[in-house]
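What follows draws every value from the coordinates through simple rules; no lab data is involved. Owing to the predicted nature of the structure, the values given are computational and were not obtained by experimental measurement. Positions of Cβ are generated from backbone atoms using ideal geometry, with glycine treated the same way; all protein chains shown enter the neighbour counts.
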Amino acid sequence: MAIVEWLKENIELSFSRSGGPGGQNVNKVNTKVTARVHIESMDILSDAQKEMVKNKLNTRINEEGELVISVSDTRSQLKNREIALIRMTSLISGSLHVPKKRKKTRPSRAAREKRLDNKRKISEKKNRRSSVDY
């Protein structure tokens, strides 16, 4: 089961009034969406993956171990729900990404010569700026 489907079934959503523009709508409709998910309850992730999520998203996880996201981008509650789900999915998926190890390489001979030639040209340019005796 993919993360998106799991989140759709297990995400906790709460709604509140949103700030910003909206006219009378702002005072009547709860358009702000707050999405919460317990990291430990995510049975689709292994223990190692849960630790990766906790480590990478530690600033977004509260004391109860919940990943919390608030969205009030649009005036529509439905669109804000969709945005919250997308953001939650991308955050969790992004935290599970392991960057590739960098292979150590040395600059090629041509690259070294190009760098030194550029240094020489800049040095000559600066030397030409020096004062000339008449």
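If the viscosity is 1.002 mPa s and the temperature 20 °C, what translational diffusion coefficient in µm²/s does Stokes-Einstein give for the range 60-134 when Rh comes from Kirkwood over Cα pairs? Could the numbers behind the result be given before it?
Values: Rh = 18.8 Å.
Roughly 114 µm²/s, to the nearest whole number.
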Projected onto their principal axes, the Cα atoms of the chain stretch, largest extent first, over whole-Å spans of 83, 45, 26
Sorted on mean Cβ neighbours within 10 Å (highest first), peptides 121-132, 74-85, 89-100 come out as 74-85, 89-100, 121-132
When the chain is treated as a Gaussian network with springs between alpha carbons less than 10 Å apart, the largest mean-square fluctuation among A48, A35, A110 is found at A110
Simple SL model, points at 7 angstrom along Cα→Cβ for S123 and E12; separation in nm is 6.7
If the chain between S46 and H97 were fully extended at 0.36 nm per residue, the gain over the current Cα-Cα distance would be 17.0 nm
